[in-house]
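Trainee: This structure is in structure tokens; I'll ask about it shortly.
The values are calculated or read from the model by the stated rules, or taken from the named source; none is laboratory data. These numbers were taken from a predicted model, which means no experiment stands behind them. Virtual Cβ from ideal backbone geometry, glycine too; neighbours counted across all protein chains shown. Accessible surface areas use protein heavy atoms only, side chains included; no ligands, DNA or RNA. Shrake-Rupley method; radii C 1.70, N 1.55, O 1.52, S 1.80 Å.
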Amino acid sequence: SQTIHQWPATLVQPVGSPLSLECTVEGTSNPNLYWYRQAAGRGLQLLFYSVGIGQISSEVPQNLSASRPQDRQFILSSKKLLLSDSGFYLCAWSVRGGGRNTIYFGEGSWLTVV
Amino acid sequence: AQSVTQLDSQVPVFEEAPVELRCNYSSSVSVYLFWYVQYPNQGLQLLLKYLSGSTLVKGINGFEAEFNKSQTSFHLRKPSVHISDTAEYFCAVKVRDRDDKIIFGKGTRLHILP
């Protein structure tokens, strides 16, 4: 069966420090991968999605970036965190196949920037 | 571009009463529609999805939703709610036959009153 792992689960970082959140999917190949952010009162915001290695689409201009160095690995990064980057970050994946497939979420990472 | 509007940010309901969570979408092309549930401090889980066929879709935990193309709506309903249904509910849309992003609404927080 397929599983998705996301870490770390919680993170407290000072303003201006770097960030790296990692996500891996097991039990499937060529998945679509996504990073979402959930900030208080703002719902679920799509940050990045990827349909293949090295193919990253960015939805919102910001100081975050994403990379997909391997087929089932998706990394969210920042060189310098802002207070506004605080939130709940969710990695997700879906089987590639025209959009009808369910998207599956990881358990999320709580980021607090202080 | 596609968009999703969840008209209510919070819905209080007495236990064992019926509930309807509203969702409207906007798209110039055909879409798939989803409802996800998020329990506190967890990732999202799929409740149900509409791909094609019958406009009434049944999901887990006694929930159902009806796709109404003329009103571009996909409202979620449950005839009798329980305390365990306390969660945030997200409506989402995805373009048919394309492997790319899923767009979520801002969510509706369901409060079950004893």
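Trainee: Any residue at all in the stretch A:38-45 that's more than 9 Å from chain B (Cβ to nearest Cβ), exposed (fewer than 15 other Cβ atoms within 10 Å of the Cβ), aliphatic (A, V, I, L, M) and within 26 Å of B:Leu33 (Cα to Cα)?
Mentor: Yes, that holds for at least one residue.
Trainee: What's the number of the only condition in (1) more than 11 Å from the chain's Cα centre (by Cα); (2) under 25 Å from B:Ser3 (Cβ atoms); (3) of a type in the set (A, V, I, L, M, F, W, C) that A:Leu90 fails to meet?
Mentor: Tallying (1) more than 11 Å from the chain's Cα centre (by Cα); (2) under 25 Å from B:Ser3 (Cβ atoms); (3) of a type in the set (A, V, I, L, M, F, W, C), A:Leu90 fails exactly one: (1).
Trainee: A follow-up question, please. Give the residues of the stretch A:47-94 that are among the aliphatic types (A, V, I, L, M) and farther than 23 Å from A:Gly16 by Cα, sorted by residue number.
Mentor: Passing the criteria: A:Val51, A:Ile53, A:Ile56, A:Ala92.
Trainee: Answer yes if at least one residue in the stretch B:4-17 is free of Cβ contacts under 8 Å to residues at least 12 places away in the same chain, of a type in the set (Asp, Glu) and open to solvent by 70 Å² or more (accessible area, probe 1.4 Å), and no otherwise.
Mentor: no
Trainee: Can you give me the number of residues within the stretch B:63-103 that are open to solvent by 10 Å² or more (accessible area, probe 1.4 Å) and modelled with pLDDT of 90 or more?
Mentor: The number of residues fulfilling the criteria is 18.
Trainee: Same structure, new question: Anything in the stretch B:66-79 that is without any contact (Cβ under 8 Å) to a residue 40 or more places away in the chain and either under 18 Å from B:Tyr89 (Cβ atoms) or in contact with a His (Cβ under 9 Å, 6 or more places away or on another chain) (or both)? List them, or say none.
Mentor: Answer for the stretch B:66-79, where residues must be without any contact (Cβ under 8 Å) to a residue 40 or more places away in the chain and either under 18 Å from B:Tyr89 (Cβ atoms) or in contact with a His (Cβ under 9 Å, 6 or more places away or on another chain) (or both): B:Glu66, B:Phe67, B:Asn68.
Trainee: Follow-up. Can you pull out every residue in the stretch A:57-103 that is more than 13 Å from A:Arg37 (Cβ to Cβ), in contact with a Leu (Cβ under 8 Å, 6 or more places away or on another chain), part of a strand (DSSP E or B) and at the interface with chain B (Cβ under 8 Å from one of its Cβ atoms)?
Mentor: Selection gives A:Ile103 alone.
Trainee: Please enumerate the residues belonging to the stretch A:47-56 that are within 20 Å of A:Lys79 (Cα to Cα) and within 11 Å of chain B (Cβ to nearest Cβ).
Mentor: Scanning the stretch A:47-56 gives A:Leu47, A:Phe48, A:Tyr49.
Trainee: Okay, moving on. Tell me, which strands (runs of 3 or more DSSP E) wholly within the stretch B:5-114 include 1 or more residues that are under 18 Å from A:Gly43 (Cα atoms), out of contact with any Gly (no Cβ under 7 Å at 6 or more places or on another chain) and more than 9 Å from chain A (Cβ to nearest Cβ)?
Mentor: B:10-14, B:19-21, B:24-26, B:31-38, B:73-78, B:87-95, B:108-113
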